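First comes the structure, then the notes that go with it.
The values are calculated or read from the model by the stated rules, or taken from the named source; none is laboratory data. Small disclaimer: the values here were computed from a predicted structure and weren't measured. Note: ideal-geometry Cβ built from the backbone for every residue, glycine included; neighbour counts use all protein chains shown. Surface accessibility is based on the protein's heavy atoms, side chains included, excluding ligands, DNA and RNA. Shrake-Rupley method; radii C 1.70, N 1.55, O 1.52, S 1.80 Å.
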Amino acid sequence: MNTKHKDCLNYLSLDVFKGFCRNNDNANVLADEASCNDFKKTLTCRICAHYTYTDEFLGLCKDKQTAYPDLNAKTCEMFEQKENQ
Amino acid sequence: MIEFTNREINKTPTKRAQILRDFYYNAKSSVSMEFPYWYTRKWNELEGEITIIRRAEALKEAFSHLTPKIFPKELLVMGKTNHMRGSYPMPWLSASYFMAASDKLYEESLNAGKLSADKVSKFGTGGGNVTESAGSVVSIAGKFGLRKEELPILMDLAKKWVGKSVEDIGCKYEKMVPEYDLKESIMKSVICMFDSGYTLPQGREVIDYYYPLQYGIDGLINICKDKIKEVAGSPEMDRLYFYKATQTMLEGIQNWILNYAKEARYLSEIEKDEKQKNEYIEIAEILEWISAKPPQTFRQALQMTFTFHLAVLNEDCISGLSPGRLGQVLYPYYKNDLEKGLISKEKVSELLECMRIKYTELDCFASMGVVGGVLSGNTFNNLSIGGLKKNGGSAANELELLILESGISCATPQPTLSLLYDEKLPEAFKLKAIECNKVGTGYPAWMNNQVAIEFLLKNYGHEGLTVEEARAWAIGGCLETSPGTWHKLELDGKTYLIPGGAAPATSVGVHFISLPKILELVLHNGYDSRTDQQVYKAHDSKLESFDELFSIFKKYFAESVKVLTLCNNIQHDAWRKITPSLVNSMLKPDCLAKGKDIGNKGSRYNTTFNVEICGGVNLVNSLASLKKNIYEEKSFSIDELKNAIKENFGYKKAKETGSFSIFDQVPNENVDKWVKIRKLCLDAPKYGNDEEYVDSIFAAWEEWYCEMCHDFKSIYDEPLYACQISVSTHAPMGAVTLATPDGRLEGTTYADASVSAYPGTDKNGPYALFASACCWDHSNSQNSQLNMKIHPSGVSGQQGAKKLLELTKGYMRKGGFHIQYNIVDSKMLKDAQANPDDYRDLMVRVAGFTQYWVELGKHIQDEIIARTEYESV
């Protein structure tokens, strides 16, 4: 599984480099290190059914609006998780 | 190993605050693209809509979509972004930096990936600054870290705003000013530090929290709805759009608060620790309450004020949004809760420590020359204490004592504290402030309440400001005297008078004119050798008398003020048309009543534009040297002096030596050729010694400068006034200025502040310095600024504290407006320069602000080390 801490729902970012893990109270978790077995996917455009890629780090939302895969979708009312994600 | 004396007072915060502060020490300045993404997306969807409505919808969309983040142990929550020290660019204000730096940023992101992730956590110097790219993070301008996967969206958004940003639109129209070429030359030669309208269009003002405290958010929305019904279809149609826009914006803020409440509820459900679980529930309840209703408790009120502080900071690029007299605003809630047994003083103290950390987390993503060169990364959230009530009695209260105590126990740069000194304040209150000074954080600074009131009456009297209203003033930004007003707050069946800010941004208009640089150009017939430009029209004068020289100086200065005022007015006009303020407008009296935003003179007081200067003491010392050496004693000619300046008096340049302090400069092989001239320059009378010769020059300059500012008008059709603070400009401006006739060497920093002596030249003790500083009327200017560095042994013990208070009183009673102290041993600072890893939490006072030593540039570090250190007072 090629997932990182920064993509995990338990991860709370302190800054762009690192953050906390709520699952095990670890206060020094590097964002880009591999996640653990308790990984839970955080909601982002990357796994949204309305998102399509136009580039590695850019895409479209509902074929109209520019979006980007790492945009957090927790507060997005349009979010719909892709199947098999 | 260097031995030094540490500061006397050193307390520790509560365990909770210590944990949160440690999180902060570990956090880096981080960029999030969420807000600009959602803002731009909505803005573009609404092409053709009325601008203020479009703006409101874009703000609502952005606020509603911010990802909430709550850290464990927090009691006061919410932040600008989902990072602790988070900020974001606002390409709707300025996109040019990103367009110009695009290739460099992409290259950085490619190279950064080659460094291992281990290097990520090893930034010793720079504190929270992301000084270099590493791993998946690109460094922007040596301060902000951006995830490289967010670089493409940043560039995409920047491109969408090209030609439409406040900067681009403003630039297009400012070129229509007849003297625009002069303005360009002035900016290139760094005679002026930065543009005004698109860099920091708001700030250096005092916020007003009254309306959400009094009415709650639902109440404010209902006011807007009622007003819409009242004005729809009537003349002054802009009022309809303002109210609709305000309603929309408030709905966005409500969504934002409720998202945080939802997050707190979610966290309470997954939290295993019972105590933390209950804390999350309490946070959720507070947020749910304030999302709709006026606060009823101290904690609710504290959260409400902080939430709206953030909301204003998120709507624009802002530095210097001051909480004002927060202790007096929150006092009714504090008193009420104590009487009802709902809170204890210990709990309040813990909350105040948490508040300090939250304010310290605030970051500002402005243009690079602004953040580094002027602000030193500071955000200037200035909390004022003391002053007078409306009826003229002392306004100091018990909550303010706790605020001082939290500033002692949990020392952080924000909020900085300003004590509005008045003879009526209790002695115990002032001594508590001195205790806080002895921690060494440089706060509270001391401001003269009576001088401020006089200034306000002179400049706002024509707008209806009275003596009673003037007493509501507070400090905006680092040192900007700002008018306020009194509000009747209703709480639990009682009515209280609380103060709030009543004017929009100040320190807008003309940002920092470098006086020594203009003098350099006077000597060189208007020509700047560094940029090879004929900046001013050549005067072709032989400069045969001091009066002639000074007259030309004033002419060049006035031309600079004129063209900068006109150009910045256009930029501010672009700002108010394209990105009108909504959050701050709703808060500021009397925008809601009038139905007009700040940009359309909705505020009660609008005479806020000013002319800032830098390097005044070096100017005055140089004029004294010229007068004495060339025109009276004829020791050398102007041409001989110019040659000496060209040769830097026989010294290597500061950028060669890497030191910007006057004391560390290195002579070259030609030093003997210039030693005589330099000695004569150094020996000429210097400001700060109570010497009539130079003080009379200073007084004449101040009298002329303070008066001439009124000849220029802002976009509000109000006169400008003088503003004299250096912030950090004395470093970058010194860096581009040749040696000066007072003996200062090329590239070294100017004297800091506005009435601080140049390092090493104040030889007759502090009271002589005070006499020099007060040779002019401080109430003619928005401020004056005096830094004093004192060795800890000079103020040790109770006796030392009393002496420091007497010194402060001495200055205030002479008519000085402001004084602030660095209580520090310079040897410690030298050690900190050599071993920054050992000094992560060391703070110093620069000029109007406190900053972490490791986050200051070397120029400023050198300058602070060089400042005269008083061993006794």
- Task: Could you tell me whether B:PRO295 is in a loop (DSSP other than H, G, I, E, B) and open to solvent by less than 30 Å² (accessible area, probe 1.4 Å)?
- Result: yes
Among strands (runs of 3 or more DSSP E) completely within segment B:426-512, the ones holding 2 or more residues that are farther than 27 Å from B:ILE613 by Cα are B:484-491, B:494-501
Taking segment B:153-167 and keeping only residues that are within 12 Å of another protein chain (Cβ to nearest Cβ) and open to solvent by 20 Å² or more (accessible area, probe 1.4 Å), one is left with B:ASP156, B:LYS159, B:LYS160
Selection from segment B:132-152 of residues more than 9 Å from chain A (Cβ to nearest Cβ) and open to solvent by 20 Å² or more (accessible area, probe 1.4 Å) yields B:GLU132, B:ALA141, B:GLY142
Those residues of segment B:381-420 that are under 30 Å from B:GLY126 (Cα atoms) and open to solvent by 10 Å² or more (accessible area, probe 1.4 Å) come to a total of 3
Considering residues that are open to solvent by less than 60 Å² (accessible area, probe 1.4 Å) and either touching an Asp or Glu at 6+ places or on another chain (Cβ under 9 Å) or under 17 Å from B:TYR331 (Cα atoms) (or both), the number found within segment B:474-501 is 17
Considering segment A:25-41, residues that are in a loop (DSSP other than H, G, I, E, B) and within 11 Å of chain B (Cβ to nearest Cβ), and then whichever is nearest to B:ASP273 (Cα to Cα), we arrive at A:ASP25
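From the list B:ILE53, B:ILE70, exactly one residue is at pLDDT 95 or above and more than 29 Å from B:GLY595 (Cβ to Cβ). Which is it?
Answer to the selection: B:ILE70.
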* Is it true that A:PHE79 is surrounded by 15 or more Cβ atoms within 10 Å (Cβ to Cβ), over 24 Å from B:ALA158 (Cα atoms) and of a type outside the set (A, V, I, L, M)? -> yes
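Of all residues in segment A:55-67, which are assigned to a loop (DSSP other than H, G, I, E, B) and away from chain B (no Cβ under 11 Å)? First the steps, then the outcome.
Of all residues in segment A:55-67, those assigned to a loop (DSSP other than H, G, I, E, B) come to A:55-58, A:62-64.
A:LYS62, A:ASP63 - these are the residues of segment A:55-67 that are assigned to a loop (DSSP other than H, G, I, E, B) and away from chain B (no Cβ under 11 Å).
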In the set B:GLU346, B:GLU269, the lone residue that is open to solvent by 10 Å² or more (accessible area, probe 1.4 Å), assigned to a helix (DSSP H, G or I) and within 22 Å of B:ALA17 (Cα to Cα) is B:GLU346
Counted residues in segment A:1-24 being more than 10 Å from chain B (Cβ to nearest Cβ) and either surrounded by fewer than 18 Cβ atoms within 10 Å (Cβ to Cβ) or of a type outside the set (Asp, Glu) (or both) come to 8
Filter segment A:68-85 for residues that are of a type in the set (A, V, I, L, M, F, W, C) and out of contact with any Lys or Arg (no Cβ under 8 Å at 6 or more places or on another chain); the one that is farthest from the other protein chains (Cβ to nearest Cβ) is A:PHE79
(request) Look at B:SER772 and say whether it is at pLDDT 95 or above, in a helix (DSSP H, G or I) and crowded, with 23+ Cβ neighbours inside 10 Å. (result) yes
Note to self: Take B:GLY461 and tell me if it is touching an Asp or Glu at 6+ places or on another chain (Cβ under 7 Å), open to solvent by 10 Å² or more (accessible area, probe 1.4 Å) and either on the phi < 0 side of the Ramachandran plot or in contact (Cβ under 8 Å) with a residue 40 or more places away in the chain (or both).
What the structure shows: no
Here the residues within segment B:733-755 that are surrounded by fewer than 24 Cβ atoms within 10 Å (Cβ to Cβ) and outside any loop (DSSP other than H, G, I, E, B) are B:ALA735
B:TYR210 meets each of (1) open to solvent by 10 Å² or more (accessible area, probe 1.4 Å); (2) under 20 Å from B:PRO68 (Cα atoms) with one exception, condition (2)
Those residues of segment B:25-37 that are open to solvent by less than 20 Å² (accessible area, probe 1.4 Å) and more than 9 Å from chain A (Cβ to nearest Cβ) come to a total of 2
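Is it the case, given these coordinates, that B:PRO766 is open to solvent by 10 Å² or more (accessible area, probe 1.4 Å) and under 23 Å from the mean Cα position of the chain (by Cα)? Please lay out each step first, then the result.
Values: open to solvent by 10 Å² or more (accessible area, probe 1.4 Å): yes; under 23 Å from the mean Cα position of the chain (by Cα): no.
No: the conditions fail for B:PRO766.
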Within segment B:45-93, residues within 11 Å of chain A (Cβ to nearest Cβ), in contact with a helix residue (DSSP H, G or I) (Cβ under 7 Å, 6 or more places away or on another chain) and assigned to a helix (DSSP H, G or I) come out as B:GLU61, B:ALA62, B:PHE63, B:SER64, B:HIS65
Scanning segment B:106-133 residue by residue, those modelled with pLDDT of 90 or more and in contact with a helix residue (DSSP H, G or I) (Cβ under 7 Å, 6 or more places away or on another chain) turn out to be B:SER133
- Message: Tell me whether segment B:710-726 contains one or more residues that are at pLDDT below 95, out of contact with any His (no Cβ under 8 Å at 6 or more places or on another chain) and of a type outside the set (Lys, Arg).
- Response: yes
Considering residues that are touching a helix residue (DSSP H, G or I) at 6+ places or on another chain (Cβ under 6 Å) and surrounded by fewer than 19 Cβ atoms within 10 Å (Cβ to Cβ), the number found within segment B:507-540 is 3
If you go through B:GLN799, B:GLN820, B:GLN785, the only one that is within 29 Å of B:ASN6 (Cβ to Cβ), surrounded by fewer than 24 Cβ atoms within 10 Å (Cβ to Cβ) and either within 19 Å of the chain's Cα centre (by Cα) or free of Cβ contacts under 8 Å to residues at least 60 places away in the same chain (or both) is B:GLN799
Looking for something among the acidic types (Asp, Glu) and within 23 Å of the chain's Cα centre (by Cα) - is there at least one such residue anywhere in segment B:571-580?
yes
Per the list (1) within 14 Å of chain A (Cβ to nearest Cβ); (2) open to solvent by 30 Å² or more (accessible area, probe 1.4 Å), residue check on B:ASN222 breaks on (1)
Picking from B:GLU544, B:GLU559, B:GLU548, the residue that is open to solvent by 10 Å² or more (accessible area, probe 1.4 Å) and assigned to a loop (DSSP other than H, G, I, E, B) would be B:GLU544
Of B:GLU236, B:GLU205, the only residue that is outside any helix (DSSP H, G or I), open to solvent by 60 Å² or more (accessible area, probe 1.4 Å) and of a type in the set (Asp, Glu) is B:GLU236
